[in-house]
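The values are calculated or read from the model by the stated rules, or taken from the named source; none is laboratory data. As the structure is a prediction and not an experimental result, all values here were calculated from the model. Virtual Cβ from ideal backbone geometry, glycine too; neighbours counted across all protein chains shown.
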Amino acid sequence: MSRVNEPDNWSDDIWRYMSYMQFISMLQNDGLPFCQAKQLQDSFEGTPPQKDLPDDFEEQNLDYPKGIKIFDREGRRDPAINYAEINLRTSIEIWKRIMYLNCWTIRENESIGMWKSYCGECGGVVIKSTAEKLRASFDSTDRAVRIGKVLYKDYKKDNVGRDNLRLFNYKRKGFEYEKELRVSVSHVSTEEDLKDLPTDELVEIDWQSQDESINVKNDLDTLIDEVRISPDCKKWKKKAIENLIDESEYDFPVDYSELAIDPSHKK
């Protein structure tokens, strides 16, 4: 069984909304920003539904070990935690700190709700792409990258299991409006670090000192179909974004949001 839920159609349009500063950072770093799961809006990311929790879960205390041994390699345990050392509540907290997510929405068109939620009053941009181009853009990365759509469940009635990796591709039904596609990586080691590692040896990390965000390099030329500026954008901002893209030696088309165009006007 796959540990992520693959998109129904890899040719589906996807959108990534971000602030101007996030967009500038993406260009400067030649790759997408990934946010630590612990920093996401939903404070219960990575938590199993009630039916999948052990009877003593509410009595479990966070019992942080000084170090935790995990490893991350395609075809092995990819990644896994030594569960013998810790209880479930603690393992959930650890995974929130070592799992990093880059989130998209699967839609045919722009969403004013997404503009407001992710760009706010200061505005921003949205990147248009497809799930397939997103996957192809990571072909040269040295990390184990997983792309899967989020499934929305009734956490009082449904089961999803306790697989820590899979749990980050499930959310409660109250978030269903997001129609989310996620790219996930674990901040453990790269394939280069692990290539000579015996399969029965674990990599120890200082999981309590992980960054709140990381950047993962990918091919932005392959990824980006189009960049659109938020609906209330001034003309000078569009020109500034175009200049920034040009200075970064990229060639993405830039346009205004479709929601800024008078629908009564003929093209």
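What about E226, is it within 29 Å of D12 (Cα to Cα), out of contact with any strand residue (DSSP E or B) (no Cβ under 9 Å at 6 or more places or on another chain) and at pLDDT 90 or above?
no
Looking at E108 and the list (1) assigned to a loop (DSSP other than H, G, I, E, B); (2) crowded, with 18+ Cβ neighbours inside 10 Å, which single condition is not satisfied?
(2)
Applying the selection to the stretch 1-47, what residues are under 16 Å from the mean Cα position of the chain (by Cα) and in a loop (DSSP other than H, G, I, E, B)?
R3, V4, N5, E6, P7, L40, Q41, D42, S43, F44, E45, G46
The rows are residues; the columns are (1) within 23 Å of N215 (Cα to Cα); (2) buried (at least 16 other Cβ atoms within 10 Å of the Cβ).
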| residue | (1), (2) |
| --- | --- |
| T130 | yes, yes |
| L134 | yes, yes |
| D139 | yes, no |
| R143 | yes, yes |
| I147 | yes, yes |
| K157 | no, no |
| K171 | no, yes |
| V183 | yes, yes |
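Matching residues to (1) assigned to a helix (DSSP H, G or I); (2) modelled with pLDDT of 90 or more:
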{"residue": "R89", "(1), (2)": "yes, no"}
{"residue": "R143", "(1), (2)": "no, no"}
{"residue": "K157", "(1), (2)": "no, yes"}
{"residue": "L165", "(1), (2)": "yes, no"}
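Tell me the residue from L32, L40, L27 that is under 30 Å from L244 (Cα atoms), buried (at least 20 other Cβ atoms within 10 Å of the Cβ) and at pLDDT 55 or above, please.
L32
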